[in-house]
Amino acid sequence: GVRIGSAADGRGLSLDPAYSSLLGTEFNAMTTENAMKWRNLEPLPGVYAWPGADQLVEFAERHGQEVYGHTLVWHSDMPKWVSPEWPAERIRTELRDHVTEVVSRYRGRVWAWDVVNEVLDEDGSLRETLWLRKLGPGYIADAFRWAHAADPGARLFINDYGIEGRTRKADALLALVRDLRRDGVPVDGVGFQSHLAWDEPPRELTRNLRRFADVGVSVAITELDVRVELPVTPEKLKRQAAVYRQVLKSCLAVPGCVSFTVWGFTDSRSWIPGYHRGYGAACLFDADLTPKPAYLALVDELSRH
Ligand code: G3I
């Protein structure tokens, strides 16, 4: 019952049959890595560029995969035309229209949405964003209500990083989710991004997932990758495999864990080298699409269940 997914950017999908074939056969779920970010969806006010996202959704449907939509409300990757100078009312209307437009378009075709992404700071306070500054903390509940109204059947997630262990941020997120649910806000799940490193396995992941599940929400591993410090060695790949396996084990150990998603599956398309200097090789397959020890570890772990 646990979905096994990968993020996919989608560009060049049809030009790379070897990549598409693995994407379509190894996974039964897919997250839109970039195509559903606001900046990419609505480059000009009111002018939507759907083809990138449509193409991924159609690919997923052709391959019997469920789609995890990423992401409706994020402080990053905003279109330039959304101006911080606008009055609060205008900002609120634009945000509401965006959420409604996107969720309605894919109504019944996206099983889960990252409704809000990365709304907390490391210390657990709400992140200083345009949304918080202009609309106050209520924007989070509003976003969930708008999304729910547009597709009552979609599972609605709050997604973040740095919450895999029992950090202050994780504690704060747990409290936030509890409060939202107490107020009747339709939050169905919490996404644990899990951008990890080969030499830092998360501590207490299983216990942490469990305490979220205990408040009645689903949990999901949403963006797993395990970066390796270059140069890559067989020993590092072995330790990387152990981290991948540990995260899968934790998900399988918690009944509320509904999906396990890697943030891309090949080193040739990973975001890591561009953002983490000196690191790479974070995925299950190398740049030539050869499975790495991490892939074999996951297959082995799944075969035990
Ligand atoms: O669109 C241009 C393209 O036209 C150009 O050819 C290319 C050349 O560099 O850049 C293109 O866009 C880049 C895009 O990735 C596609 O590769 C953007 O500049 C770049 O910022 C973008 O990075 C993405 C990043 O989010 C920011 O949106 C990564 O692929 C994506 O993996 C990463 O994903 C985030 C999640 O959304 C949230 N959690 C953290 C995670 C990792 O940062």
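In this simple spin-label approximation, Arg304 and Arg277 carry label points 7 Å from Cα along the Cα→Cβ vector, and these lie 4.0 nm apart. Among Ala60, Leu230, Thr261, flag the residue with its Cα farthest along the positive direction of the charge dipole of the range 3-303, charges on Cβ as +1 for Lys/Arg and -1 for Asp/Glu. Selected residue: Thr261. Taking a Cβ cut-off of under 12 Å around Arg127, the surrounding Lys, Arg, Asp and Glu residues balance to a net charge of -4, with basic ones at +1 and acidic ones at -1.
Restricting to the chain, what percent of DSSP beta bridges are antiparallel, rounded to 5? DSSP beta bridges in the chain are roughly 10 percent antiparallel. Other residues lying with their Cβ under 10 Å from the Cβ of Phe192 contribute a combined charge of -3, Lys and Arg counting +1, Asp and Glu -1.
In which sequence would Tyr244, Tyr295, Tyr48 go, from the one with the fewest C-beta neighbours within 10 Å to the one with the most? If you can, show how the numbers build up before the last one.
Details: Tyr244 28, Tyr295 19, Tyr48 14.
Sorted ascending by nearby Cβ count, the order is Tyr48, Tyr295, Tyr244.
Residues in the range 267-274 carry Karplus couplings, in order, of 4, 6, 10, 7, 6, 4, x, x Hz; the curve used is 6.51 cos²θ - 1.76 cosθ + 1.60 with θ = phi - 60°, and Gly or Pro positions show x.
Express the C-alpha Rg of the range 3-303 as a ratio against the empirical globular expectation 2.2 N^0.38 Å, rounded to two decimals. Provide the component values of the computation, followed by the final result.
On the way: Rg = 18.6 Å, N = 301, 2.2 N^0.38 = 19.2 Å.
For the range 3-303, the normalised Cα radius of gyration comes out at 0.97.
Put simply, the amide H of Val262, placed in the peptide plane, has neighbours under 5 Å in Gly5, Ser6, Ala7, Leu224, leaving out anything fewer than 5 places away on its chain. Antiparallel DSSP bridges in the range 219-305: what percent, to the nearest 5? Antiparallel bridges make up about 40 percent of those DSSP assigns within the range 219-305.
Students often get this wrong, so check it: of Lys37/Lys238; Lys80/Lys292; Lys37/Lys249; Lys37/Lys134, which have C-alpha atoms separated by over 28 Å? It would help to have the intermediate numbers written out before the result.
Numbers: Lys37/Lys238 34 Å; Lys80/Lys292 40 Å; Lys37/Lys249 30 Å; Lys37/Lys134 21 Å.
Checking Cα-Cα distances, Lys37/Lys238; Lys80/Lys292; Lys37/Lys249 exceed 28 Å.
Among the trypsin sites (Lys or Arg not before Pro) in the range 202-277, those placed in a DSSP loop whose Cβ has at most 12 other Cβ atoms within 10 Å are Arg203, Arg277. One Cα centroid belongs to the range 78-135, the other to the range 203-263; the line between them spans 27 Å.
Would you mind calculating the gained length between Ser14 and Asp171 on full extension (0.36 nm times residue separation, minus the Cα-Cα distance), in nm to one decimal?
Between Ser14 and Asp171, full extension yields an extra 52.2 nm.
Sum up the charges of everything whose Cβ sits under 11 Å from the Cβ of Asn117, counting Lys and Arg as +1 and Asp and Glu as -1, but leave Asn117 out.
Values: positive: Lys37, Arg127; negative: Asp77, Asp114, Glu118, Asp160, Glu223.
Every neighbour counted, the sum reads -3.
Read-outs: derived from the displayed coordinates by stated rules, not from any lab. Predicted model, so just to flag it, every value in this text is computed and none were measured. All Cβ positions, glycine included, derive from the backbone under ideal geometry; neighbour counts span all protein chains shown.
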